[in-house]
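To keep things clear, I will list the structure first and then write my remarks on it.
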Amino acid sequence: MMADMSPTTAVPDPLRSPGAYAPLALQGDTLVDESGTSVGRRVGPVWSFMEKPDEFYEGKYNNRMRYVPRGDGWLATLPLRIVMQSYPTTVAAEVPKGATVVEIGCAGGLTWFGQRYRMIGMDLSQEALQLAAEDYELTLQCDATRMPLADASVDAVISSCLFEHLTDEQKTALLAEAFRVLKPGGKVVFLYDLWTENAVIAGYRRADPDRYQRDFLDHDGHLGYRSVDQNRAFFRNAGLRITREIFHERTPFQSNSVWKKFSGWPGMRGRVGRIGAALTGGPLRLPMLAALSLTDATLGQLFPQPHARGMITVAVKP
């Protein structure tokens, strides 16, 4: 479709047309490339490159983390470590203040990130991005396997709980795009769930594979649960060098979200799930998350890496 050739306005760097990565201009609220072809539109603070909302994700994950620690110390950042499995603090340790950072699957965003970095948030949900725009400099509704960004234009590409939602082909394409938009020496920091051999989860999975498929995979859109080694291969095949790995929930002590899923199972397994959900939810949720974090730090290394339910991968573009 050709846009009307009315006067144009420049768009912020490093925005480019998806796929061609050519400069863009704004005609009214329509984004056009150099030929005048419409490639997207501006919707309030959000730059949208999608023709229609995503039926599964629109409005599904609108969580926003507003907590801002009073410093970078261990105690000040403890709430973030507890609630978000050390994802924000790992990013802060790996990426210097003032950097240009892309967060893929940003949902409603993190206020702390918006204060530390020049944040570019990407998500499929327009509703979530409207929230993230309160803290992030740019918010893009787009397919992250075709990022509308210039080559070598950002210092880091980060993501929390997105990678497990992608097929193998999408993971390969996303990491290729991350490699393209990163400057040399730029970093990827991804937190994601795994196909785990954890004794608790694997036991339930063997007992009822169909229910596991429904509750853990289909319900949450977890198309891409893969093992530790399989995920490592994706990063390495993209040309990235893995420099750090952090493993979560290797022990039988699991988070509330796991026990809540098990609570609907029949028989003894359901009763155990309900007990676990009661002990890790409600007013006990934050203390139990703190205990889970402590257990990971002290006992997690006694269990094999394939027993982890999730991990953080830090990788560098050479």
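Read the figures in this text as sums done on the coordinates, not as results from a lab. The structure presented is a predicted model; accordingly, all values stated were derived computationally and were not measured. No Cβ is skipped: glycine too gets one built from the backbone with ideal geometry, and neighbour counts run over all protein chains shown.
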Using Cα centres only, tell me the gap between the range 208-226 and the range 243-291 in whole Å. 17
Which is farthest toward the positive dipole end of the chain among Gly121, Asn231, Cys106, measuring Cα position about the Cα centre, with Cβ charges +1 (Lys, Arg) and -1 (Asp, Glu)? Asn231
Within 13 Å, Cβ to Cβ, of Ala173, how many net charges do the neighbouring residues add up to if Lys/Arg are +1 and Asp/Glu are -1? -1
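Given R₀ = 25 Å, FRET efficiency for Leu75-Arg232 by Cβ-Cβ distance, to 0.05?
Values: r = 33 Å, r/R0 = 1.31.
After rounding to 0.05, the efficiency reads 0.15.
If you take every residue apart from Pro266 with its C-beta less than 14 Å away from the C-beta of Pro266, what net charge results, scoring Lys and Arg +1 and Asp and Glu -1? Write out the running numbers ahead of the final one.
Working: positive: Arg211, Arg214, Lys261, Arg269, Arg271, Arg274; negative: Asp208, Asp210, Asp215.
With Lys, Arg at +1 and Asp, Glu at -1, the neighbours total +3.
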Over the chain, the sum of -39500 (n - 2.57) across DSSP H runs of at least four, divided by residue number and rounded to 500 deg cm²/dmol, gives at 222 nm -9000 deg cm²/dmol
Amide H neighbours of Val39 at under 5 Å, excluding residues fewer than 5 places away on the same chain, with H built from the backbone geometry, are Leu31, Val32, Asp33
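Got the relative contact order for the chain handy, in percent, Cα pairs under 8 Å and 6 or more residues apart?
16
If you place +1 on the Cβ of every Lys and Arg, -1 on the Cβ of every Asp and Glu, and leave all else neutral, what size is the dipole of the chain about its Cα centre, to the nearest 20 Debye? Mind dumping the intermediate values first?
Values: 35 positive and 35 negative charges, 257 e Å.
With only Lys, Arg, Asp and Glu charged at Cβ, the dipole is about 1240 debye.
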Simple label model, 7 Å out from Cα along Cβ direction - Lys60 to Val43, nm: 1.6
7 Å from Cα along Cα→Cβ at both Leu284 and Lys52: what's the point-to-point distance in nm? 4.6
Which labelled figure in (i) 68, 41, 39; (ii) 50, 41, 38; (iii) 54, 46, 34 is Cα extents along the principal axes in Å, once derived from the coordinates: (i)
Calculate, in nm to one decimal, what Lys97 and Ala20 gain on full extension: separation in residues at 0.36 nm each, minus their alpha carbon distance. 24.7 nm
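At a 10 angstrom cut-off on C-beta neighbours, averaged per residue, how do the peptides 203-212, 153-162 rank from highest to lowest?
Ranking, from highest mean packing down: 153-162, 203-212.
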